[in-house]
Amino acid sequence: MTLNLQQLALVAFLVEALIQTIKPVYDKEKGWNKSAIFSLAMGIVVCLFTNVDLFRELGLSGQIPYVGSVFTGIIASRGSNFAHDIFKYVNGKAQENPMTGGVG
């Protein structure tokens, strides 16, 4: 499989989401951030239950089932603006190339 620009962009979004989501989860002085943990858990649970997987949509299927949904949940936990930008990007690419679902 060759990595295309859309797939690379999604992986970059994931890395950004992971870094920005994990950083505020624990602070040495304040301890555990329950809001950040709750947001992360809700994003993952919702994506797992609804079978939302941006990675599958862009042709990045992994070896472990549900990991794409977990990663999508992490992205979603960043908030509606962040997730909306990604969904808009993916949906726009899918509409540009409907025969391949936006891949290629």
Problem - Val45-Lys88 pseudo-label distance in nm [points 7 Å out on the Cα-to-Cβ vector] - result: 2.9 nm
Exercise for the section: In whole Hz, with x marking every Gly and Pro, tabulate ³J(HN,Hα) for region 33-46 from phi via Karplus 6.51 cos²θ - 1.76 cosθ + 1.60, θ = phi - 60°. Expected result: 8, 5, 5, 5, 5, 4, 4, 4, 4, 5, x, 5, 4, 4
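Read-outs throughout are calculated quantities, based only on the coordinates presented, and are distinct from any laboratory measurement. From a predicted model like this one, the values you see are computed outputs, not experimental measurements. Cβ atoms come from the backbone with ideal geometry, glycine included; neighbour counts cover every protein chain shown.
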